[in-house]
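Input: a single structure, listed below in structure tokens.
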Amino acid sequence: MTGTKDIWVLGDYRNYFHSRVTLQILARAAGLSAKTGGRVCALVFGDHVDEYVNEYIAHGAETVYVIDDPALKDYSVENYSFLMTRLVKEFKPETLLVGATRFGQEIAPRVAKYLKTGLTADCIDLDIDAKGRLVQIAPSFGGNLIAKIITPEKRPQMATIRPGTFQELKHDNDAEGEVIRLPLPSDLPAKKIRCIRSEYKPSRNRKLEEADIVIIGGRGMGSKRKFKKLFELAELVNGEVGATRPVVYADWISHDALVGQAGKHVKPRVLFSFGVSGAIQHTAAVTDADFIVAINKNPNATMMKMADVAIMADANQVCSGIIRAVKEKIRD
Amino acid sequence: MFKIIVCIKQVPMVSELPWDSKTGTLKRELAQGMMDPASRRALEAALRIKEDRAGEDQETHITVISMGPEMAREILYEAKALGADNGVLLSDRKMAGADTFLTSFILAEYIKKESPDFDLLLCGSQTSDSETAQVGPQLAGELLIPAMGYVQSIELDDGMVRVQRHVDDFMELLEMDLPGLLTIDQGAYSPRYVALEGIERAFHTDDIRTVNAGDLGLDRDFNALKDSPTRIIDVYSPATRKENQVLKGAVKKVVGQLFDEYGKIISGAMGKDLKTHDHEGAK
Ligand SMILES: Cc1cc2nc3c(=O)[nH]c(=O)nc-3n(C[C@H](O)[C@H](O)[C@H](O)COP(=O)(O)OP(=O)(O)OC[C@H]3O[C@@H](n4cnc5c(N)ncnc54)[C@H](O)[C@@H]3O)c2cc1C
Ligand SMILES: Nc1ncnc2c1ncn2[C@@H]1O[C@H](COP(=O)(O)O)[C@@H](O)[C@H]1O
């Protein structure tokens with residue numbers, strides 16, 4: 001049985017911030033479908049979800065499959081994975097893309113398992129090869145390498161994508177899309193998970209993602225005590241402090257300061273990067289910085305190569321030097 | 001008897017490697033295997049459940065399983081030294097190169113065959129070497145049991161668990177019927193460590209069973225690398241080089257240069273005016 005050329009994107013709308021990832025993926029899907037033909041489609045499950053249906057159409061979805069039913073009021077991995085699997089089997093999209101929110105990361109592997117297809121986690125780009133197949137581009141484990149991955153036979157081709165990886169399209173109120181409303185299947189399995197309470201609690205602060213100046217410290221800062229200097233600098237320049245993985249593992253700063261594949265994506269006007277080697281899992285999340293100043297003893301570190309200004313010196317000394325300079329220069 | 005299975009993986013120590021302070025490069029020759037930090041937390045959760053239950057005179061049995069090369073036996077001994085009751089290594093050439101789809105398949109085959117009567121299955125939320133966070137959910141999908149990810153605390157209650165977790169800005173309290181699978185969040189269940197002698201003692205007891213593809217009844221021509229639904233077609237290093245300016249020399253000098261040439265950009269982002277040094281009208 002041959003399928004369609006359609007590209008599906010899971011509508012992960014639960015909160016506004018994370019819902020952007022759906023918009024971002026829709027934008028990339030539009031670029032891909034220009035090469036493969038087929039429609040860009042969004043999937044929306046829930047109770048009273050018209051507002052999201054319209055939002056996705058305004059951001060590039062040509063078709064939206066909707067199941068709108070009070071039984072789908074709660075976000076539920078059990079229900080969503082059952083419904084996604086069912087719809088994929090019925091409508092046969094070529095590609096299925098899911099945002100790497102935590103919900104997306106729980107649901108995508110299950111759906112891939114039910115459909116007996118592959119799934120590439122955390123893509124940093126997507127492309128189409130000469131044979132029209134989806135090329136899933138992701139950091140490859142361990143080293144500082146990027147792998148191109150395909151799903152040669154199984155369909156759909158599936159991938160998850162981190163929030164912040166792609167740029168969403170402009171909201172277009174005049175965009176038109178087809179809305180396909182489907183009834184809730186009568187054989188939804190009995191729930192084995194019950195939600196007792198779910199409270200919106202944005203405890204992880206968003207300051208890092210929104211800051212104009214971000215100061216990232218890597219293992220080259222040397223110690224927890226020395227790392228603290230970065231907070232002083234941050235306060236002085238109205239910046240926020242982020243860190244690499246070894247630094248959060250060593251507990252020099254809390255886990256929510258992690259920048260990279262497993263953490264936050266930053267897009268400051270100025271990024272200071274102190275003692276960071278520049279592994280791909282980290283740099284994938286800083287490429288949107290307008291201007292990068294890297295400080296490293298090793299001029300060959302990747303972070304130095306991708307900086308606008310690369311300062312070859314001791315990270316701690318330069319940090320203190322900048323603090324001194326800014327204090328002198330601030331007009332009071 | 002409450003039966004817990006914990007899936008643990010051995011990973012290279014790459015991100016914890018020391019660097020050579022002279023050259024500023026990593027000492028890769030020191031890369032060695034360790035228990036994946038997330039798996040360690042999953043094991044810790046199991047150990048605490050066991051301890052809590054022991055306090056109420058209730059029995060708990062913990063089995064740890066790992067799929068990997070012969071070397072992965074080390075982390076199973078370590079898990080036993082920490083308090084696991086039984087360790088099993090799933091190891092076979094034919095299992096090498098498994099992606100998450102096949103890793104979860106193989107783990108599930110073992111569980112179905114040898115311990116189908118488990119109550120709780122625990123995994124880490126994501127491994128430090130691949131961080132796909134896919135094996136847990138796929139294992140649950142394979143076994144057709146409910147699962148919840150990123151769990152921060154677990155409370156057992158007659159045939160079910162109550163868990164707390166923080167996902168996508170929602171603090172959730174959920175209930176799940178058992179048997180079921182939980183993946184443990186990276187910030188939860190700070191693990192205990194065991195002294196080296198403990199691990200050595202475990203080594204001497206020598207009761208880690210090895211299970212191969214044949215034991216699991218996998219097809220003769222089963223080959224994890226070939227059977228994986230995804231394929232790597234190219235690997236390359238990212239092109240990151242920018243036309244840039246390299247500053248070197250005394251700290252005072254380079255910091256001076258930085259502000260002389262780029263002070264405007266920095267002060268603009270700061271939202272504060274900076275004096276552009278002594279020579280007025282510097283660009
Ligand atoms: C699946 C996976 C996911 C990952 N996800 C992330 C992620 O989300 N975020 C992340 O950051 N990492 C992540 N990593 C880890 C990543 O691969 C790197 O190991 C990590 O980013 C390196 O951190 P670092 O640059 O601080 O340390 P190192 O690589 O050790 O680099 C330290 C740098 O400091 C320099 N240095 C040393 N001393 C000084 C000094 N006195 N002055 C100036 N410079 C000095 C050295 O030359 C070196 O370049 C992930 C890895 C894997 C496998
Ligand atoms: N080869 C393996 N053997 C045993 N458990 C594994 C293996 N691979 C992954 N796991 C488990 O799955 C979790 C998540 O792994 P991953 O999906 O690779 O990020 C780990 O923390 C382990 O608990």
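Approximating the spin labels as points 7 Å out from Cα along Cα→Cβ, the B:Asp219-to-A:Lys89 distance works out to 2.1 nm. For region A:207-329, the dipole from Cβ point charges (+1 on Lys and Arg, -1 on Asp and Glu) about the Cα centre works out to 460 debye, to the nearest 20.
If you count, for every residue in B:125-138, the Cβ atoms of partner chains within 10 Å of its Cβ, what is the mean? Walk me through the numbers on the way to the answer.
Working: counts 3, 3, 1, 4, 2, 6, 9, 9, 10, 11, 1, 4, 12, 8.
What the average comes to for B:125-138 is 6.
List the aspartates and glutamates whose alpha-carbon lies under 18 Å from that of A:Lys224, not counting same-chain residues fewer than 8 positions away? Within the straight-line cut-off, A:Lys224 pairs with A:Glu232, A:Glu235, A:Glu240, A:Asp251, A:Asp256, A:Asp314, B:Glu16. Between chain B and chain A, roughly 8200 Å² of accessible surface gets buried, counting both sides and using a 1.4 Å probe. Computed over every Cα-Cα pair of chain B and binned at 10 Å starting from 0, the pair-distance distribution P(r) comes out as 6, 23, 27, 17, 11, 10, 6, 1, 0 percent. Of the candidates B:Tyr110, B:Tyr77, B:Tyr193, which one comes out as most mobile in a Gaussian network treatment of chain B with C-alpha springs shorter than 10 Å? Its mean-square fluctuation being the largest, the pick is B:Tyr193. About its Cα centre, region B:2-227 has a charge dipole of approximately 700 debye under the convention of +1 per Lys or Arg Cβ and -1 per Asp or Glu Cβ, with nothing else charged.
With the helix formula -39500 (n - 2.57) applied to DSSP H stretches of n ≥ 4, chain A reaches a computed 222 nm mean residue ellipticity of -9000 deg cm²/dmol.
If you wrap chain A in the convex hull of its Cα atoms and look at it from every side, the mean projected area works out to 19.9 nm².
The mean count of C-beta atoms from other chains within 10 Å of the C-beta of residues in A:184-196, rounded to a whole number, is 4. Within the accessible area of region A:65-142, the carbon and sulfur atoms contribute 51%, probe 1.4 Å, all protein chains present. For region B:197-236, a drop of 30 Å² or more in accessible area on going from the chain alone to the assembled protein chains (1.4 Å probe) is found at B:Pro229, B:Thr230, B:Arg231, B:Ile232, B:Ile233, B:Asp234, B:Val235, B:Tyr236.
Converting phi to 3J(HN,Hα) with the Karplus coefficients 6.51, -1.76 and 1.60 and the offset θ = phi - 60°, region A:298-314 yields 9, x, 8, 4, 4, 4, 5, 6, 9, 8, 7, 10, 10, 9, 8, 6, 6 Hz in sequence order, with x at every glycine or proline. Computed over neighbours whose Cβ is under 12 Å from that of B:Pro191, the net charge equals +1, Lys and Arg +1, Asp and Glu -1. At a threshold of 40 Å², the residues of region A:283-332 that become less accessible to a 1.4 Å probe in the full protein assembly than in their chain on its own are A:Phe291, A:Asn298, A:Lys305, A:Met306, A:Asp308, A:Val309, A:Ala310, A:Ile311, A:Met312, A:Lys329, A:Ile330, A:Arg331. Residues considered: A:Asp127, A:Asp290, A:Asp187. Largest GNM mean-square fluctuation over chain A, using C-alpha springs under 10 Å, is found at A:Asp187. Extension gain, B:Glu51-B:Leu144: 0.36 nm per intervening residue step, less the Cα-Cα distance, totals 30.6 nm.
Do you know the relative contact order of region A:207-329, to the nearest whole percent, from alpha carbon pairs under 8 angstrom that are 6+ apart?
Taking the mean separation of contacting Cα pairs over the length of region A:207-329, I get 25 percent.
Taking a straight line from the alpha carbon of A:Lys192, these lysines sit under 18 Å away, with near neighbours fewer than eight places off in the same chain left out: A:Lys73. Contact order for chain A, expressed relative to its length and based on alpha carbon pairs under 8 Å spaced 6+ residues apart, stands at 14 percent.
Summed over the residues of region B:2-227 and divided among them, the accessible surface reaches 42 Å² per residue at a probe radius of 1.4 Å. Each label was represented as a point 7 Å from its Cα along the Cα-to-Cβ direction; for A:Tyr200 and A:Lys116 these points are 4.2 nm apart. B:Gly180 sits among other residues whose Cβ lies under 10 Å from its own Cβ, and their net charge, with Lys and Arg +1 and Asp and Glu -1, is -1.
Surface exposure of region A:53-171, expressed per residue as accessible area with a 1.4 Å probe, stands at 34 Å². Selection among B:Ala54, A:His59, B:Tyr236 by position relative to the dipole of the protein assembly as shown gives B:Tyr236 as farthest towards the positive end (Cβ unit charges, Cα centre).
Of the residues A:Ser140, A:Ser273, A:Ser198, the one that moves most in a GNM of chain A with alpha-carbon contacts below 10 Å is A:Ser198. Across all C-alpha atoms in the protein assembly as shown, the radius of gyration and Dmax reach 25.4, 81 Å.
When the accessible area of region B:2-227 is split by element with a 1.4 Å probe, what percent falls to carbon and sulfur? After summing per-atom areas, the C and S share lands at 49 percent. Please compute the net charge surrounding A:Arg39, taking Lys and Arg as +1 and Asp and Glu as -1 over other residues with Cβ under 9 Å from its Cβ. Residues near A:Arg39 contribute -2 overall.
Distance between the 7 Å Cα→Cβ label points at A:Asp50 and A:Thr287: 4.0 nm. With Cα atoms as the point set, the radius of gyration and Dmax of region A:207-329 evaluate to 12.6, 38 Å. Whole-Hz Karplus values for region A:111-116 come out as 5, 4, 5, 4, 8, 6 Hz, taken residue by residue from phi with 6.51 cos²θ - 1.76 cosθ + 1.60 and θ = phi - 60°; glycine and proline positions read x. With q set to 0.09, 0.16, 0.17, 0.19 Å⁻¹, the log10 of I(q)/I(0) for region A:7-181, from the Debye formula over equal scatterers at the Cα positions, is -0.27, -0.90, -1.03, -1.31.
The values are calculated or read from the model by the stated rules, or taken from the named source; none is laboratory data. These numbers were taken from a predicted model, which means no experiment stands behind them. Cβ atoms come from the backbone with ideal geometry, glycine included; neighbour counts cover every protein chain shown. To get the accessible areas, we keep the full protein, side chains included, count just its heavy atoms, and leave off ligands, DNA and RNA. Shrake-Rupley method; radii C 1.70, N 1.55, O 1.52, S 1.80 Å.
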